[in-house]
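FYI, it's all coordinate maths here, none of it is from the lab. This one's a predicted model, so the numbers in the text were calculated from it and none came from an experiment. Cβ coordinates were reconstructed from backbone atoms using ideal geometry, including for glycine residues, and neighbour counts include every protein chain displayed.
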Amino acid sequence: MRRATLDDLDECATLCREFAETSPPFVLTADRARLEAEELIRSGLLWIYGLTTTTTTTTSLSSHSPELSSPGKEKKKTTITTLVAVTRSTPTVSAITKVYTTNRYRRRGYADRLVAHVTRYLLEEEKKEAVVLFVGHTLDAVRVYRRIGFVGLDRLDGQEVVEKPDPCDGADVEDWLELGFEGGELGHW
């Protein structure tokens with residue numbers, strides 16, 4: 001778990017595009033997703049959870065004598081499974097505005113771990129007073145955020161989405177409304 005670098009740009013762009021596909025009408029082309037990923041990376045706002053695999057190649061000196069083969073080079077490859085974007089920051093508050101795990105790696109706890117890691121970093125290292133969510137409110141997402149310790153997630157569009165009541169009962173939780181302009185250009189912020 002770490003901040004993304006420009007070496008991660010291609011994979012991050014793919015995940016940004018996949019995420020945008022789940023958020024109509026804010027769908028991005030591959031080029032726009034790459035631009036968004038690059039801006040987030042250059043600004044230090046994108047965090048990733050990656051799985052590293054190591055492969056070793058062997059060099060055979062003789063195809064007839066395997067004992068004459070020598071170990072080759074190890075090659076490490078990191079596959080990015082999950083990303084988290086932290087934007088809309090003030091000196092005291094930061095917002096997590098994007099959490100996405102590619103389909104192949106869902107339900108393995110990667111989003112939980114990355115969101116918890118980033119939240120802990122923001123609170124402990126950057127000394128933020130609060131970390132807020134500006135993210136999707138699907139039942140699966142709510143479960144992730146509640147496991148980590150976020151509160152105030154019971155009321156979504158007037159529906160109860162969790163089995164048990166939120167322990168804060170609405171204290172220190174604010175509802176928000178985001179306005180858009182008809183005919184405006186859609187895309188990333």
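Multiplying the sequence separation of E124 and T79 by 0.36 nm and subtracting their Cα-Cα distance, what value in nm do you get?
Roughly 13.4 nm would be gained on extension.
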Residues whose placed amide H lies under 5 Å from that of K98, excluding near-sequence neighbours: A85
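Provide the net charge surrounding T81, with neighbours chosen by a C-beta distance below 11 Å and charges set as Lys +1, Arg +1, Asp -1, Glu -1. Don't jump to the answer; show the numbers that get you there.
On the way: positive: R104, R106, R108, R113; negative: E11.
Result for the local shell: +3.
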